[in-house]
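Read the structure below first, then the notes.
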Amino acid sequence: MKNTVTTFLNAKKEGKRLSMLTAYDYSTAKLMDESGIHGILVGDSLGNVVLGYEDTVSVTMEDMIHHGAAVARGAKNALVVIDMPFMSYQTSVYDALVNAGRLMKEGRGNAVKLEGGAEVAPQIKAITQAGIPVMAHLGLTPQSINAFGGFKVQGKTEAAAKKLLEDARQVEAAGAFAVVLECVPAKLAALVTEQLSIPTIGIGAGRGCDGQILVYQDMLAMYADFTPKFVKRYANIGEQMKAAFTAYREEIEEGTFPGPEHEFSISDEVLEKLY
Ligand code: KIV
């Protein structure tokens, strides 16, 4: 059965934990879907782990639509959330609405995600009023990396913790159906979770959140450029891929691949006529 925003809201009420992963293509989304993952985020982490940028700032609407549509084709049951890229919603409520609409119409997402608190509440309100579910994102918001001055845990001081709690209330009041908490102290994330009636999805925010999300290349050890403390490696697929690529190269060099079982035949009669 297709997971919807109602599934997410009911999970919160019933105390059921939600699982989310990022994906950027059809076949990976299909595998996640078949594993029963509740939600797939087409994250703008695409910029880092797929496109090889240093940050998410250069990711475009076209990038998100292209990869969002591929994921949507592979996800039959998981709720597909597509990230709104940098400057696709900060500029105005109008831009936010037009771009959220494109992610739904062309990207075929079930919801959009955007970063920020009170300052983007008008955008969240307008998008949700247009019938598009919005997931909010607080704490370490990677699109603001230049303002943060690096990847740092957020909400550690009294003022920052109060602001995070207030932002969480504001995004809920504006209509968000869930909120990602990234790199937030576990006890603060647990407090935010307790105070909201929408689910919190943690990444580096501890066990007290209603759900968890990880970037799949991180949890499968396929991306070694930077591994945050909160990542748990569930498999070493990166090493397995390298071993397979090496074996393939070696077999080509040795002449053992392709073998007879990989070849197509032609009758000798036909072949003789070619000489
Ligand atoms: O872009 C992304 O992958 C994200 C997750 C880290 C939550 O926003």
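Structure notes:
- With R₀ set to 30 Å, the beta-carbon distance separating MET87 from PHE226 gives a calculated FRET efficiency near 0.80.
- Long pairs among LYS113/LYS232; LYS13/LYS232; LYS152/LYS229; LYS162/LYS229; LYS13/LYS113; LYS13/LYS105, criterion Cα-Cα beyond 19 Å: LYS113/LYS232; LYS13/LYS232; LYS162/LYS229; LYS13/LYS113; LYS13/LYS105
- Here the translational diffusion coefficient of the chain follows from Stokes-Einstein with Rh set to the Kirkwood radius across Cα pairs; for 20 °C and 1.002 mPa s it amounts to 107 µm²/s.
- Extension gain (nm, one decimal) between GLN129 and PHE148, 0.36 nm per residue minus Cα-Cα: 3.7 nm
- Taking every C-alpha pair closer than 8 Å and separated by at least 6 residues, the mean separation divided by the residue count of the chain gives a relative contact order of 15 percent.
- When the alpha-carbon atoms of the stretch 96-210 are used, the pair Rg, Dmax equals 13.8, 42 angstrom.
- Surrounding net charge for ILE201, when Lys and Arg each add one and Asp and Glu each subtract one, Cβ distance under 11 Å: +1
- Full extension of the segment from SER265 to LEU51, taken as 0.36 nm per residue of separation minus the current Cα-Cα distance, would add 73.0 nm.
- Placing GLU166, GLU272 in order of accessible area, with the largest value first and a 1.4 Å probe, yields GLU272, GLU166.
- At q = 0.14, 0.21, 0.25 Å⁻¹, base-10 log of I(q)/I(0) for the stretch 166-223 (Debye sum, equal scatterers on each alpha carbon): -0.38, -0.73, -0.93
- With the convex hull drawn over the C-alpha atoms of the stretch 1-131, the volume per residue is 112 Å³.
- Of all aspartates and glutamates in the structure, the ones whose alpha carbon falls short of 16 Å from that of LYS12, not counting any fewer than 8 places away in one chain, are GLU172, GLU194, ASP210.
- Calculated translational diffusion coefficient of the stretch 80-140 (10 °C, 1.306 mPa s; Stokes-Einstein with Kirkwood radius over alpha-carbon pairs) equals 143 µm²/s.
The values are calculated or read from the model by the stated rules, or taken from the named source; none is laboratory data. From a predicted model like this one, the values you see are computed outputs, not experimental measurements. Every residue, glycine as well, gets a Cβ built from its backbone with ideal geometry; the counts of neighbours run over all protein chains shown. Only protein heavy atoms, including side chains, enter the accessible area calculation; ligands, DNA and RNA are left aside. Shrake-Rupley method; radii C 1.70, N 1.55, O 1.52, S 1.80 Å.
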